Amino acid sequence: MSGSANVLGYIPTKLYLGLCLITCGLYPYIWIWDNAYAFGRISGGRVGAKSLKNLAVLGFLAQLLLPLSLIAWAIWQTTGSTVAAEVFRRALPAFLWMYFLVVFPMRCFNYFSARWALRSAVILWDAEGVMIGRSMTSWLKLFFLGSVYIQYHINRLMGLGMPGFADPSEIESDASLLERLDDYIVTGKPDRVAATWTKDNFESEEEDEYDR
């Protein structure tokens, strides 16, 4: 959904969450695969696309066991099938073991690497440090929310017109995100203006206030 393997694209946060729920957690691994090269690009190759794609493949395969176990449980409860009961008893523990022993450590490593890539790119773009204190500052939120938290900040940085992201015109139709961008940049700016604001606008307003 990013639109290109070379740029990080816009996905509404609510849509992202909805896709995660509908697919029983499979969508984040599709998202990781789709954005692997883009993260490598914005980090100058310091975040490996291969590592991200390994997480995408292993995570997807492990996550498949969750909907399988849920389907088996539903069949078992409605039909009393012993085969379904056996599938459920095997699939759910297998998912938990694979997730916590393999996927979760890889998830933490790669998500924090993606955070580092984004923040490094912000530092290079914004030498004055206007935006770095507002970009993926919470390790705790990243730990619990993972790719949702990353995509949320991609949407914000994209709205600022930061290089390495898709065209910010993609977000013009999402009013709820524009409201969040408004609060993120400067309180009181009109929604449509906030979508195209840059750090230069931020600095010029600070100077105007100082002059007054």
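The values are calculated or read from the model by the stated rules, or taken from the named source; none is laboratory data. Just so you know, these numbers come straight off a predicted model, no measurement behind them. Heads up, the Cβs are rebuilt from the backbone with ideal geometry, glycines too, and the neighbour counts pull from every protein chain shown.
Exactly one residue among 158, 136, 131, 162 is in contact with a His (Cβ under 6 Å, 6 or more places away or on another chain) and at pLDDT below 85, and that residue is 136.
Within the stretch 140-158, the residues that satisfy the criterion of being farther than 17 Å from residue 52 by Cβ, of a type in the set (A, V, I, L, M, F, W, C), in contact with a helix residue (DSSP H, G or I) (Cβ under 9 Å, 6 or more places away or on another chain) and surrounded by fewer than 22 Cβ atoms within 10 Å (Cβ to Cβ) are 143, 145. Of the numbered criteria (1) surrounded by 15 or more Cβ atoms within 10 Å (Cβ to Cβ); (2) farther than 21 Å from residue 146 by Cβ; (3) not hydroxyl-bearing (Ser, Thr, Tyr), the one residue 83 fails is (1). Whether any residue in the stretch 165-177 is at pLDDT 75 or above, in contact with a helix residue (DSSP H, G or I) (Cβ under 8 Å, 6 or more places away or on another chain), within 21 Å of residue 36 (Cβ to Cβ) and in a helix (DSSP H, G or I) is what I want to check. No, there is no match, as no residue in the stretch 165-177 is at pLDDT 75 or above, in contact with a helix residue (DSSP H, G or I) (Cβ under 8 Å, 6 or more places away or on another chain), within 21 Å of residue 36 (Cβ to Cβ) and in a helix (DSSP H, G or I). Selection of the stretch 37-76 for residues being more than 22 Å from residue 109 (Cβ to Cβ) and of a type in the set (Ser, Thr, Tyr) yields only 69.
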